[in-house]
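S.K.: Structure in structure tokens, see below.
Laboratory data are not the source of any read-out in this text; all were calculated from the coordinates shown. Computed from a predicted structure; not experimentally measured. No Cβ is skipped: glycine too gets one built from the backbone with ideal geometry, and neighbour counts run over all protein chains shown.
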Amino acid sequence: MKLNRNDNIVFFTGAGMSAESGVPTYRGSGGIWNEYQWEEYACERAFRNNPNNVLDFHELRRIEALKCKPHAGHFRMKGIEDKYPNTTIITQNIDGMHQRSGSKNVIELHGSLWRMRCESEGTIHEDLENGKYSNRYCECGNFQRPDIIWFQDMLDEKIINNTIFTITACSLFISIGTSASVWPAAGFPKLAKQSGAYCIEINPEETELSSIYDEVIREKAGRGLELCLEKVQY
Ligand code: NAD
């Protein structure tokens, strides 16, 4: 496949993309949910029962994320975005690693650890320092919560519609480091395929969706992207 400057390209990334930077996945070996119960730290009910406990947990996630750096694969994506302006990164990750490598056109399906939202007013706060918020309350007096999708939360409809629109229009869809087992993200590779995109999966392991891809690269994210870009003659 040879890319043209105006091609619509989608990178669809999951926890495996950040794993190479040292950010732990949620499941599998070293996964966070082996150590913590999500019921106590990552759902609305846990926040209502013990907001400070939940906020401490997310503060720790930010501090841990700050110890990690984007890897060569993140910078390769940024290079593609520079050369092909119709490139979009659709990520399930909440760690902001794509933005830290300079990518601009990023759709965060599950929100961002780096934003806080007042549940009562919906106001967004981004005045973090070294992963910490000096004040856990909104000006209105209510607690702020991380602006991310927790277990049992609804996804933002506008973000999903934008994602579907973007995927439907893409001619190249490259999925990296996702098991694509979390819905609705799990449906996106099929949507890309049905919409006529050339689909490539980069993942060291087989996934439930591997068979629908036109090409599969069984490598880690950084090396996989390098091989992938050779194939698409960018
Ligand atoms: P997942 O944990 O279900 O799957 C991770 C996939 O990455 C697996 O298929 C694994 O084989 C692959 N992988 C592992 N190491 C890799 C590497 N070095 N290079 C390429 N691939 C590698 O992750 P998911 O599909 O993203 O779904 C998990 C959910 O958890 C998402 O909703 C996401 O929001 C959330 N999450 C986010 C982060 C983060 O922000 N960094 C981390 C963990 C989980």
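S.K.: Ranked highest first by the average count of other Cβ atoms within 10 Å around their residues, in what order do 3-9, 96-102 fall?
M.R.: Answer by packing, highest mean first, reads 96-102, 3-9.
S.K.: Just to confirm the number: angle between the C-alpha axis of helix 221-231 and the first principal axis of the chain, 0 to 90 degrees, nearest 10?
M.R.: Its long axis makes an angle of about 30 degrees.
S.K.: Another question, if that's okay. Just to confirm my numbers, what's the Cα centroid distance between the range 1-60 and the range 164-234 in Å?
M.R.: Cα centroid to Cα centroid, the span is 19 Å.
S.K.: Also, I was wondering about something else. How far apart, in nanometres, would the label points at ARG27 and GLU139 be if each is projected 7 angstrom from Cα along the Cα-to-Cβ direction?
M.R.: The two pseudo-label positions are separated by 4.2 nm.
S.K.: Normalising by the residue count of the chain, find the relative contact order in percent from Cα pairs under 8 Å and 6+ residues apart.
M.R.: 25 percent
S.K.: Let me ask something else. Taking springs between alpha-carbon atoms closer than 10 angstrom, which of SER103, SER210, SER120 fluctuates most in the Gaussian network model of the chain?
M.R.: Greatest mean-square fluctuation among the candidates belongs to SER120.
S.K.: Return the percentage of antiparallel bridges among DSSP beta bridges fully within the chain, rounded to the nearest 5 %.
M.R.: Within the chain, antiparallel bridges account for around 30 percent of the total.
S.K.: Now for a separate question. Which three extents, in angstrom, do the Cα atoms of the range 33-123 have along their principal axes, listed largest first?
M.R.: 48, 31, 18
S.K.: Given a Förster distance of 45 angstrom, what is the FRET efficiency for LEU128 paired with LEU191, based on the Cβ-Cβ distance and rounded to 0.05?
M.R.: With R0 = 45 Å, the Cβ-Cβ based efficiency is 0.85.
S.K.: Can you tell me which of ILE149, ILE159, ILE89 moves the most in a GNM of the chain? Springs connect C-alpha atoms under 10 Å apart.
M.R.: Sorting by GNM fluctuation, first place goes to ILE159.
S.K.: Two decimals is fine: what is log10 I(q)/I(0) at q = 0.11, 0.15, 0.25 Å⁻¹ for the range 83-165, from a Debye sum with one equal scatterer on every Cα and no solvent?
M.R.: Those come out to -0.35, -0.63, -1.28, one per q.
S.K.: Note the angle between two axes, namely the Cα long axis of helix 157-168 and the longest principal axis of the Cα atoms of the chain, as a number of degrees from 0 to 90, rounded to the nearest 10.
M.R.: 10 degrees
S.K.: What angle, in degrees between 0 and 90 and rounded to the nearest 10, separates the Cα long axis of helix 72-83 from the longest principal axis of the Cα atoms of the chain?
M.R.: Roughly 70 degrees, rounded to the nearest 10.
S.K.: Next question, about the same structure. Taking only Cα atoms and a 10 Å spring cutoff, compute GNM fluctuations for the chain and point out the largest among ARG145, ARG27, ARG61.
M.R.: Result: ARG27 has the largest fluctuation of those listed.
S.K.: Moving on to the next point. Using only the alpha-carbon atoms, what does the chain span along each of its principal axes? Please give whole angstrom values in decreasing order.
M.R.: Sorted largest first, the three principal extents are 55, 34, 29 Å.
S.K.: Report the label-to-label distance for GLU64 and GLU157 in nanometres (one decimal), using points 7 Å from each Cα along the Cα→Cβ vector.
M.R.: Placing both labels 7 Å along Cα→Cβ, they lie 3.5 nm apart.
S.K.: OK, next. Greater than 22 Å separation of Cα atoms is the criterion. Which listed pairs, LYS158/LYS220; LYS83/LYS104; LYS2/LYS83; LYS78/LYS220; LYS193/LYS231, meet it?
M.R.: Correct reply: LYS158/LYS220.
S.K.: Taking the simple approach of a point 7 Å from Cα along Cα-to-Cβ for both PHE165 and GLU44, what is their distance in nm?
M.R.: About 2.6 nm, to one decimal.
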